[in-house]
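J.: Below you'll find the structure I mean.
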Amino acid sequence: MSALTDLTIADARAGLDKRDFTAMELTEAHLLAMDRARSLNAFITETPDLALERARDADAALAKGEGGTLAGIPLAIKDLFCTEGVRTTASSRILENFVPPYESTVTANLRRAGAVMLGKTSLDEFAMGSSNMTSAFGPVTSPWRRRSAPEIKLVPGGSSGGSAAAVAARISMGATGTDTGGSIRQPAAYCGIVGLKPTYGRCSRWGVVAFASSLDQAGPMTRSVKDAALMLGAMAGHDAKDSTSANLKVPDFAAALTGDIRGLKIGIPKEYRPAGLADEIARLWEDGIAMLKAAGALPVEISLPHTQYALAAYYIVAPAECSSNLARYDGVRFGKRVEGKTLDELYARSRAAGFGKEVRRRILIGSYVLSAGYYDAYYTKAQKVRSLIAEDFRLAFENVDVILTPTAPTPAFAMDEGDAADPVTMWLNDVFTVPASLAGLPGLSLPTGLSQDGLPLGLQLLGRPFDEETLLRVAGVMESAANFTALPPDREI
Amino acid sequence: MGYSLQGETGDWELVIGLEVHAQVTSKSKLFSGAATDFGAEANTQVALVDAAMPGMLPVINAFCVEQAIRTGLGLKARINKTSVFARKNYFYADLPQGYQISQFDQPIVGEGEVILDMADGSTRTIGIERLHLEQDAGKSLHDQHPSKSFIDLNRAGVALMEIVSKPDIRSPDEAAAYVTKLRSILRYLGSCDGNMAEGSMRCDVNVSVRKAGEPFRTRAEIKNVNSIRFIHQAIEYEARRQIDLYEEGGQVVQETRLFDAHKGETRSMRSKEMAHDYRYFPDPDLLPLILSDEEIAAIKSTLPELPDEKKERFIQDYHLSPYDAGVLVAEQSSAHFFETVAKGRDPKLASNWVTGEFFGALNRLGRTVEDPPVSAADLGALVDLIADNTLSGRLAKEVFELMVETGKTPAEIVEERGLRQVTDSGEIDGAIAQVLAANPDKVADYRAGKDKLFGFFVGQVMKATGGKANPAMVNDSLKKQLA
C-alpha cells in the first residue's frame, strides 16, 4: 500500500509544497484505498470524479504558490453536510435521492482551503445512534478487530462512524463529523483516531442537516492532534447565516501546540468513575493522568455533581428538538413521498417508509415530552438540569484548565451485540460525552492505548468555551506521551 | 346602558376579544431575504429557508423587529426587552417546516391600549394583551387540479404581528371600531398597510355571552373573518347562536368556528378535544431577542403624530368637534389634506368642506385622498371665495362640482361662468322690490302673520338673481322691507 495514505495532513501538505508528490497522486492513492476498503461500507456516495477535478485544481493552485491550508488534502465528508450537486442522505431513506442545490458553510470553507472531497460517509440515520447501525444504507464495519476473535465484525461507533472508519482505514486523511451527544468523540475513540467537537457556535450549522439544533456541532476527525487543529482552522468561523454561530476570530489552532503544559491544572471529575467502570478504562485514565503529570501539569480532583442526570436530560432535549426538526420531511416538497388518499395519509406513509426505527423512536419521545401536560415535567426539567450541568462545568473551570475523562465506557462492540442491546444500553455509550454537549463545551478524544483485546481506547479532554487552543495543547502533549502507533488490521483489506 | 341582545330569559351582554394578524410592511420576510410583494407569480418569492430545505436556518430580519417595536409604541404598550421565538408545531402542506416560528410565553410587546372613536363622538378604551411576531404560512390552492392541491410558498415566512386584545369589547360596533382604529394606527406607523382584501390584515374573533354581572362564560373562536362587515355579521350570528343554545338549556363548547360569508353563519371547525397540541418550545435556531433602551428610544423618536394626539390637537387648535376631528384623523392623508386646506383659513369651514363635499366626491368617484379629484390648494381657494363673500355656500357647491368635472381652479370657474355672488345692496333691494310688487296678496298674508311665506320670498329673490344673491343680505333686506 502506498505510503501516501499513511501520511498525516500536516506531512502531506508539506510534501505537496515540496513537490514530493502531486495532489492528483495523493488523491489517486486514496481513491484506490477507497476501492479496496469498500467492504467497510464507510461511504454512501463516492465522488471520485469530483475528487480528481478538485485535486487538479489544487495542483494548479499549488503550482502558483496559491494553495490553501488544505490544498490537495483528500477528506471524507459526513453525509449530513449538504453538498451542492452531490446527493446528501443523512443515511435516511427519506433523503435517499436528495441532491441539495447548496453547499454547507463548513464544506464550503474546506473547499476554499483547497480540500479534496472523496465522498460522503455513512452515519447513524440523522446522526441518531452510537454504532452506525441505524444507517438506511447498512452498517459500517470498523477496520479494527478483536485479537481474540478477528472474525467478528465490530462497529466503528457513531454517529460519525463512516468518517471514523474512513480515517482509521487510511481511506481519507481526515473527515468531517458532527457531534450532538458524542458523535465525533465516541467513534474517534472506537477507531483509534482524534476527534474534536468544538465549542457550540465555533462552526456554522448552516447546511448541516439538523438533528438537535442546540447541541449539533461540526468538527474534524483526523489521525493527529495537529491535523485536527489544521482542519478546525479551515472549518470554523462566524457565519451570519447561522444565528447561533459565534462572532469570534478563528485563532491559529496549530500554533497552540507548543508542547508546554507545565503548571496547567487538569481536572479529574470523580463522578466519571462509576461503580463497575471497566478496569482497562480505569487504567487507561490513570495512565493519562500520569502522562500529564510527567509533563508538568497538575491533576486536581474535581466534582461535577449533576453528571448523573446528564444522560436523562440529553435524551429529552435532543429528541424534543429532533421531533420538530424532522417535521419538514413530510413528502411534500422534497425527499421520499408515498402517495395517500389524504394529506394525513401521505404524511404517515411517507414518514413510515422514510424513517428507520431509532429515528421514529426519538420523534415519538420528543413529541411526547413536548406535549401539553408533560412539557414541564420533562422538557422544562431537562432544561433546568442542563443549566445545572453547565454551572458545574463553569465552577470547575474556575480552578482547572482542562478536564480529563475516558471517552467511552467500553471499547467498540460487535455488530450483533449492538443489535441485541436495548435502546437504553445503547444510549449509555454517551455517558461521558453528553455532559459537555449539554454545556456546549469543546471536547477532544484521542487514542492513548489498546484494550486487552487489542482495540483502541480513547481519553477525552474537555475545555472552557472557545478555548480549543488549550485543549489542543494538552492533547498534543498527551499524543506524544502515549505514542499510539497501533494500526487497524483491516487497513489493507 | 350598553349594547345587549334580547333573549327569552332577558338581556345578554356580549364579550368579545380580537386577534388581529397584521402583515408587517417590509421588503423581505421575517427570517429570509425573499421578497414579500403581493400578487407575484406562485413560488417566485421563496428562499431555501422558506421551503424548509434541510440544514437551512432562520435569521431574524431586524427591520421587522423594528416595525413590531414601532407598533408596540404606537399602542402605548410595554416593549419587552427580552423576547423569545418559539416553534408552534403542526403539520400542514403549506407549512414547510412543520412548525411556525412564533412567540409564545415571551412576546416582544406586552400590554397596551387602543382608544375607540364611536359614532356618537364618545370614546372607549380597549386593552391590548400582547403583540408578537410570527411567520405566515404558505397558501394551499385546491382549485387548480381535479385531484391535487397546489402549494404557493410566496407568503410562507412573511412577517406577521399578532395583536391580541383583551376581552374588553362589548358590541359588534365596538369590534368594528376597534379594527378600524387599529388599522388607522398601523397605517400611521407604516408597519402594516391594513389591506384586508389582500389579506394583510386578518381577524380571529372570540365571542361569548353572559348575563350582566356574571363572570365570563365559555367562548368560541371564529377564524379568519376578513372584513369589517363580516366581523359585524359573525359576532351577531355567533352571539345569537350562543344565546339560543343557553336558552334551550344547552351549553356552549369551547371550539374553533369558521365564518361562512355566503351564508352569514359560523360553523364548527374543531372542538377543544380535537384542538391541536402545538408543542411549543423555544426555537433553538434563534437566540433570544434582546433590545436595549437606546434602540427602543431611537425608534420612539421617529414615531409620527398618531391619530389620538392628532385628534386632540385638531380639537384644541382648530376647535373641531370630536366627531369631525375623529373623521379627519382616521387617515394620515385626510388629516394632511385638511390641514393644507385649513392653513390660514377658517378651520370649521375647511373641515365642513373636506368631510362634506370632498369626501362625498371621493366616495362617489371611487377616488382616494392620495389621488383626489380636487387638490387641497384648489379647495382652499374655494374656501377663500366663500370667506370673502365672492361665493355663497350654494354657489360654492356648484363651483365645487365644476371643479371636479373640469379640473379647473375655482377662480377660473367663477370668472368663466360669472358665478360671482351678488353683494350689491342696491341690486338686491331692487330684486326684492320687484318680487314684493309682483305678489301683493302674499305680502298681505305675511304681514297678517303667515311667517312661513318668508321662505317663498327668499326663493323668489334668489330665482330673480339667478341664485347669485348673497343669502344673508337677502334675508336682512327682506325682513326690513316686509316689516
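J.: Looking at region B:276-293, can you tell me whether even one residue there is farther than 30 Å from A:Ala382 by Cα, at pLDDT 95 or above, of a type in the set (Val, Ile, Thr) and not in a loop (DSSP other than H, G, I, E, B)?
T.: No, region B:276-293 contains no residue that is farther than 30 Å from A:Ala382 by Cα, at pLDDT 95 or above, of a type in the set (Val, Ile, Thr) and not in a loop (DSSP other than H, G, I, E, B).
J.: Sticking with this one: Can you list the strands (runs of 3 or more DSSP E) lying wholly within region B:47-124 that have 2 or more residues being surrounded by fewer than 22 Cβ atoms within 10 Å (Cβ to Cβ), at pLDDT 95 or above and over 23 Å from the mean Cα position of the chain (by Cα)?
T.: Per the criteria, B:99-103.
J.: Anything in region A:98-117 that is within 13 Å of chain B (Cβ to nearest Cβ) and either surrounded by 22 or more Cβ atoms within 10 Å (Cβ to Cβ) or part of a loop (DSSP other than H, G, I, E, B) (or both)? List them, or say none.
T.: Hits for region A:98-117 are A:Phe98, A:Val99, A:Pro100, A:Pro101, A:Tyr102, A:Glu103, A:Ser104, A:Thr105, A:Val106, A:Thr107.
J.: Here's a follow-up. Out of all the residues in region A:365-372, is one or more away from chain B (no Cβ under 12 Å) and either in a helix (DSSP H, G or I) or basic (Lys, Arg) (or both)?
T.: yes
J.: Scan region B:157-183 for residues that are among the small types (Gly, Ala, Ser) and in a helix (DSSP H, G or I) and jot them down.
T.: B:Ala175, B:Ala176, B:Ala177
J.: Which residues, taken from region B:372-418, are outside any helix (DSSP H, G or I) and of a type outside the set (A, V, I, L, M, F, W, C)?
T.: B:Pro372, B:Pro373, B:Ser375, B:Asp388, B:Asn389, B:Thr390, B:Ser392, B:Gly407, B:Lys408, B:Thr409, B:Gly418, listed by residue number.
J.: Hey, another quick one. Among the candidates B:Thr82, B:Thr36, which residue alone is more than 14 Å from chain A (Cβ to nearest Cβ), closer than 26 Å to A:Asp330 by Cβ and in contact (Cβ under 8 Å) with a residue 24 or more places away in the chain?
T.: B:Thr36
J.: Right, another one. Within region B:333-372, restricting attention to residues that are among the acidic types (Asp, Glu) and within 26 Å of B:Ile185 (Cβ to Cβ), which residue is nearest to the chain's Cα centre (by Cα)?
T.: This residue is B:Glu370.
J.: For region A:314-364, give me the residue count where each residue is in contact with a helix residue (DSSP H, G or I) (Cβ under 9 Å, 6 or more places away or on another chain), surrounded by fewer than 24 Cβ atoms within 10 Å (Cβ to Cβ) and assigned to a loop (DSSP other than H, G, I, E, B).
T.: Adding up the residues that qualify gives 11.
J.: Suppose we keep only residues that are assigned to a loop (DSSP other than H, G, I, E, B) and without any contact (Cβ under 8 Å) to a residue 24 or more places away in the chain within region A:20-60. Which one would you say is surrounded by the fewest Cβ atoms within 10 Å (Cβ to Cβ)?
T.: Per the criteria, the residue is A:Asp20.
J.: Next question. Test A:Glu301 against the criterion of being in contact with a Lys or Arg (Cβ under 7 Å, 6 or more places away or on another chain), surrounded by fewer than 16 Cβ atoms within 10 Å (Cβ to Cβ) and over 20 Å from B:His276 (Cβ atoms), and give yes or no.
T.: yes
J.: Moving on to the next point. Would you check which residues across region A:372-394 are among the hydrophobic types (A, V, I, L, M, F, W, C) and under 27 Å from the mean Cα position of the chain (by Cα) and list them?
T.: A:Ala382, A:Val385, A:Leu388, A:Ile389, A:Ala390, A:Phe393
J.: Only one of B:Ala325, B:Ala330 is over 30 Å from B:Asn89 (Cβ atoms), crowded, with 17+ Cβ neighbours inside 10 Å, without any contact (Cβ under 8 Å) to a residue 40 or more places away in the chain and not assigned by TED's automatic domain parsing to the domain that holds B:Phe104. Can you tell me which?
T.: B:Ala325
J.: Just checking, does region A:177-193 include any residue being over 8 Å from the mean Cα position of the chain (by Cα), part of a strand (DSSP E or B) and buried (at least 24 other Cβ atoms within 10 Å of the Cβ)?
T.: No: zero hits.
J.: Got a number for residues in region B:447-475 being of a type outside the set (D, E, K, R), assigned to a helix (DSSP H, G or I) and surrounded by 11 or more Cβ atoms within 10 Å (Cβ to Cβ)?
T.: 15
J.: Mind listing just one residue for me: the one in region A:263-273 that is touching a residue at least 40 places away in the same chain (Cβ under 8 Å) and out of contact with any Phe, Trp or Tyr (no Cβ under 9 Å at 6 or more places or on another chain) and, of those, surrounded by the fewest Cβ atoms within 10 Å (Cβ to Cβ)?
T.: A:Lys265
J.: Every residue in region A:245-279 that is in contact with an Asp or Glu (Cβ under 7 Å, 6 or more places away or on another chain) and within 14 Å of another protein chain (Cβ to nearest Cβ), please.
T.: Once the filter is applied, which keeps residues that are in contact with an Asp or Glu (Cβ under 7 Å, 6 or more places away or on another chain) and within 14 Å of another protein chain (Cβ to nearest Cβ), region A:245-279 yields only A:Ser245.
So that you can scan it fast, the table gives a plain yes or no per residue for (1) in contact (Cβ under 8 Å) with a residue 40 or more places away in the chain; (2) surrounded by 12 or more Cβ atoms within 10 Å (Cβ to Cβ); (3) more than 14 Å from every other protein chain (Cβ to nearest Cβ):
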| site | (1), (2), (3) |
| --- | --- |
| B:Arg267 | no, no, yes |
| B:Ala275 | no, yes, no |
| B:Arg279 | yes, yes, no |
| B:Leu286 | yes, yes, no |
| B:Asp293 | yes, no, yes |
| B:Leu303 | yes, yes, yes |
| B:Leu306 | yes, yes, yes |
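J.: Given the condition closer than 18 Å to A:Met128 by Cβ and more than 14 Å from chain B (Cβ to nearest Cβ), answer yes or no: does some residue in region A:220-237 qualify?
T.: No; the residues of region A:220-237 include none that is closer than 18 Å to A:Met128 by Cβ and more than 14 Å from chain B (Cβ to nearest Cβ).
J.: Right, another one. Which members of region A:121-158 meet the condition of being in contact with a helix residue (DSSP H, G or I) (Cβ under 8 Å, 6 or more places away or on another chain) and not in a loop (DSSP other than H, G, I, E, B)?
T.: A:Thr121, A:Glu125, A:Phe126, A:Leu154
J.: For region A:239-246, check the following and say yes or no: at least one residue is touching a helix residue (DSSP H, G or I) at 6+ places or on another chain (Cβ under 6 Å), part of a loop (DSSP other than H, G, I, E, B) and modelled with pLDDT of 95 or more.
T.: Yes - at least one qualifying residue is present in region A:239-246.
J.: Can A:Asp260 be described as of a type in the set (D, E, K, R) and free of Cβ contacts under 8 Å to residues at least 24 places away in the same chain?
T.: Considered against the rule, which asks whether it is of a type in the set (D, E, K, R) and free of Cβ contacts under 8 Å to residues at least 24 places away in the same chain, A:Asp260 comes out as no.
J.: Here's something else I'd like to know. Being within 12 Å of chain B (Cβ to nearest Cβ) and either within 19 Å of B:Pro288 (Cα to Cα) or surrounded by fewer than 24 Cβ atoms within 10 Å (Cβ to Cβ) (or both) is the filter here, so list the residues in region A:195-219 that pass it.
T.: Once the filter is applied, which keeps residues that are within 12 Å of chain B (Cβ to nearest Cβ) and either within 19 Å of B:Pro288 (Cα to Cα) or surrounded by fewer than 24 Cβ atoms within 10 Å (Cβ to Cβ) (or both), region A:195-219 yields A:Tyr200, A:Gly201, A:Ser204, A:Arg205, A:Trp206, A:Ala212, A:Ser213, A:Ser214, A:Leu215, A:Asp216.
J.: What number of residues within region B:430-448 satisfy the criterion of being of a type in the set (Phe, Trp, Tyr) and either outside the structural domain of B:Gln460 (by TED's automatic domain parsing) or touching a strand residue (DSSP E or B) at 6+ places or on another chain (Cβ under 8 Å) (or both)?
T.: The number of residues fulfilling the criteria is 0.
J.: Also, quick follow-up: Name the one entry in A:Thr425, A:Thr470, A:Thr448 that is β-branched (Val, Ile, Thr), touching a strand residue (DSSP E or B) at 6+ places or on another chain (Cβ under 6 Å) and surrounded by fewer than 24 Cβ atoms within 10 Å (Cβ to Cβ).
T.: The match here is A:Thr470.
J.: For region B:81-103, what are the residues that are of a type in the set (Phe, Trp, Tyr) and in contact with a Pro (Cβ under 8 Å, 6 or more places away or on another chain)?
T.: B:Phe85
The values are calculated or read from the model by the stated rules, or taken from the named source; none is laboratory data. Predicted model, so just to flag it, every value in this text is computed and none were measured. Backbone-built Cβ (ideal geometry, glycine too); neighbour counts: all protein chains shown.
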